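Read the figures in this text as sums done on the coordinates, not as results from a lab. What you see is a predicted model; the values in this text were computed from it and never measured. Cβ: placed from backbone, ideal geometry, glycine included. Neighbour counts: every protein chain shown.
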Amino acid sequence: MILLCRFVNPQFYDLLFKIISFVHINKGRAESVEFERASASSSGHHETHTVTVGREVVLSAGTFGSPQILMLSGVGHKQHLEALKIPVKADLPVGDNLQDHLILLLPVNTNISVGQPPISLFHQLEYKIFGTGPLGSPGAVDAMSFLKSSPKLDLPDVQLSLLEARDPPRSGALMPGFNTDILQTRHTLGKGDGFIIMPTTMQLKSRGTLRLKSRDAQAPPMIDPNFLSEVSDLDAVVKSVRLIEAVLNTEPMKKMNAKLHRHALPGCTDYDFGTDNYWRCFIRHVAATAHHPAGTCKMGPAKDSSAVVDSRLRVKGVQGLRVADTSIMPILVSANTNAPTIMIGEKAADLIKEDNSV
């Protein structure tokens with residue numbers, strides 16, 4: 001892709017492994033971008049570079065990166081920036097409105113094998129010749145559906161994903177923040193077969209925040225997802241579990257005696273398995289991010305005091321500065337964020353061309 005861009009436009013440059021320090025804003029306009037890059041020597045030091053802005057700056061650093069750069073540039077909550085001695089260029093609610101989806105990993109026990117056999121040379125040949133077999137599956141999930149937890153809803157609010165794997169990820173790196181007791185309990189499933197079913201609850205009401213830890217661009221920001229701060233969100237996740245129970249009660253699932261594995265989860269042993277109180281406790285212990293963060297540079301109309309960018313993705317009160325990534329979503333989509341993010345990029349390209357008469 002980089003080579004193609006350079007072929008189409010010889011002036012295109014892609015600088016890898018750089019850290020944006022801030023956007024220099026003067027008299028309400030973005031004038032330059034300062035970034036750090038590893039020096040050519042083996043000293044390990046970083047060299048500081050400044051690029052003068054020709055027409056405008058487009059931030060696409062993601063839900064966590066774009067608000068961090070804006071705040072380092074003086075665009076954000078006035079009180080927060082002043083506390084870090086960052087000159088305020090625009091008093092905007094940058095870093096608010098953080099949203100995400102919540103996911104559970106629920107092991108299901110069955111009395112028959114539902115998994116794929118170990119990959120063999122035959123399977124490799126089958127895929128090579130016919131494009132079928134175990135190697136022809138998407139890999140990430142084996143089945144997926146979008147369902148309504150209530151018939152009264154207009155849109156699906158639960159995404160169900162099915163994995164043929166019997167055990168959840170064993171690596172603490174894949175499930176950060178869980179202590180050893182929790183991880184061990186979730187992987188001690190006893191003998192037998194089964195699969196993993198993962199409900200992802202969407203349309204949650206809780207909102208988190210992102211703030212700077214310091215003025216150092218290399219310091220990660222402080223992220224507070226504020227999960228389950230709204231009681232209705234906890235109830236929504238419980239409904240997603242009830243939806244799974246309904247799925248497991250269908251005839252095809254009954255034939256394989258599919259049942260949720262009973263977790264003797266530390267901290268929840270005072271509650272009977274399957275009750276609402278048990279699932280509320282279970283969810284508070286093991287619900288995790290679906291890695292779909294969005295909303296920290298909210299898009300909205302000029303009169304919306306909670307918005308950071310306008311409908312053309314321009315930062316309010318600053319000329320020559322836009323944001324084009326998932327952070328601009330006012331409300332997180334009820335789906336994975338990859339495709340919508342690509343759409344945001346394509347729309348941003350159209351807006352930039354229109355505004356610059358290209």
### Task
Could you work out how far the C-alpha centroid of the stretch 50-108 sits from that of the stretch 307-358, in angstrom?
14
### Task
Return the distance in nm (one decimal) between the two label points of a simple spin-label model at residue 305 and residue 271, each offset 7 Å from Cα along Cα→Cβ.
3.8
#### Entry: Residue-span extension gain [residue 122 to residue 154] - 0.36 nm each, minus C-alpha spacing
6.9 nm
#### Entry: the stretch 75-155 - convex hull of the alpha-carbon atoms, volume per residue in Å³
301
### Message
Which residues among the stretch 284-303 fall inside the zone where the amide N is under 19 Å from a point 7 Å beyond the Cα of residue 242, along Cα→Cβ?
### Response
284
### Message
If you take every residue apart from residue 351 with its C-beta less than 9 Å away from the C-beta of residue 351, what net charge results, scoring Lys and Arg +1 and Asp and Glu -1?
### Response
+2
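Across every pair of different alpha-carbon atoms, what Kirkwood hydrodynamic radius in Å does the stretch 231-358 reach?
For the stretch 231-358, the Kirkwood estimate is 18.4 Å.
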### Query
Which aspartates and glutamates, on any chain, are close to residue 18 with Cα under 16 Å apart, when same-chain ones fewer than 8 places away are left out?
34, 36, 47, 216
### Task
May I ask you to list the residues of the stretch 87-107 whose amide nitrogen lies under 18 Å from a point 7 Å from Cα along the Cα→beta-carbon direction of residue 207?
91-102
### Query
Modelled label-to-label distance, residue 27 and residue 312, 7 Å Cα→beta-carbon offset: nm?
2.1
